[in-house]
Amino acid sequence: MRVRMLLVGLILPTLLAAQQGPACGVERWPVKILNDADRDSVALVAEPTTIAALVDLPEPREARPARGRLAMERRTFRIRGILVETRAQSDLDLHLILADPADPTKRLVAEIPDSACALGSRHASDFAEARRVVDRLPRDIVVEVTGVAFWDSDHGQTGNAENGIELHPVLRVEPVLNKNDILRMEVGADPPDPTEVRVWLNLSSKVYHCPGSASYGTTSRGAYMPESAAVRAGGRPAGGRRCGSGAPLG
């Protein structure tokens, strides 16, 4: 009996640790892995912009909600940056420090969750693939990163933007092989406007609908996105009037 009790005392902690799984994050974790209740409102059509434009945005006055998202956290961005450093975090995220190629003093953090910490997320395979890509890349290479905006609080993280903006989670990472494209991309990208109206684009008809209208978010195939992104995607406003100004087209 004493031998059995001893064995149980040795084995049980190991079994419990295995059941608990990896040391994943806690704070706003569903938002960080795109598995929160508002995930379907996130516009996954990536908006091209720059690191400089993101880090120069005003910090939000609203408190970061424990559950749910701020307006910018419903938008996906594509940026190009110098891969300065990668770090494994205690919550098993892979922490990327990215510098703007046009102004390397402008930096932000992009986080790739561990797919084992993203059970239930539709994007776990995207996280795994992004990490595989980064693991093969040398430092100081220029990469193109696609990720969802996230307002983080300052908790001493290295490389974070002063306003707290991050890309978290990262959905895609690609090396930029033609560096001559960098300047053209940087100049051609529009700074994001956090106050811009978000519309619902019907992906079948290419008609987009304003907030408050009967078809907003209700068509069978569609996506939320800023009005400018809907126009760039070939969308036209329902009724011929833009949502932001209410002015007719043309």
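No lab work stands behind these numbers, since they all come straight from the coordinates. From a predicted model like this one, the values you see are computed outputs, not experimental measurements. Cβ sites come from the backbone with ideal geometry, for glycine too, and all protein chains shown count toward neighbours.
Summary of values
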{"item": "Per-selection Kirkwood Rh - segment 198-240 (Cα, Å, 1 d.p.)", "result": "9.7"}
{"item": "Simple label model, 7 Å out from Cα along Cβ direction - GLU27 to ALA116, nm", "result": "2.4"}
{"item": "Distant-in-sequence amide H partners of LEU171 (H built 1.01 Å from N, under 5 Å)", "result": "THR146, GLY147, VAL148"}
{"item": "Tensor-based shape of segment 53-122 (alpha-carbon gyration tensor, a/c under 1.5 rounded, otherwise prolate or oblate)", "result": "oblate"}
{"item": "Estimated vicinal HN-Hα couplings, Hz - segment 160-168 in sequence order (Karplus 6.51, -1.76, 1.60; Gly, Pro = x)", "result": "6, 6, 4, 7, x, 6, 9, 9, 7"}
{"item": "Note, ³J(HN,Hα) from phi for segment 134-151, Karplus 6.51, -1.76, 1.60, rounded to Hz, x at Gly and Pro", "result": "4, 4, 8, 9, x, 6, 6, 7, 8, 10, 9, 10, 10, x, 8, 5, 8, 8"}
{"item": "Karplus (6.51, -1.76, 1.60) ³J(HN,Hα), θ = phi - 60°, over segment 84-101, in Hz, Gly and Pro reported as x", "result": "6, 6, 10, 9, 7, 9, 5, 8, 6, 5, 9, 9, 9, 9, 10, 10, 5, x"}
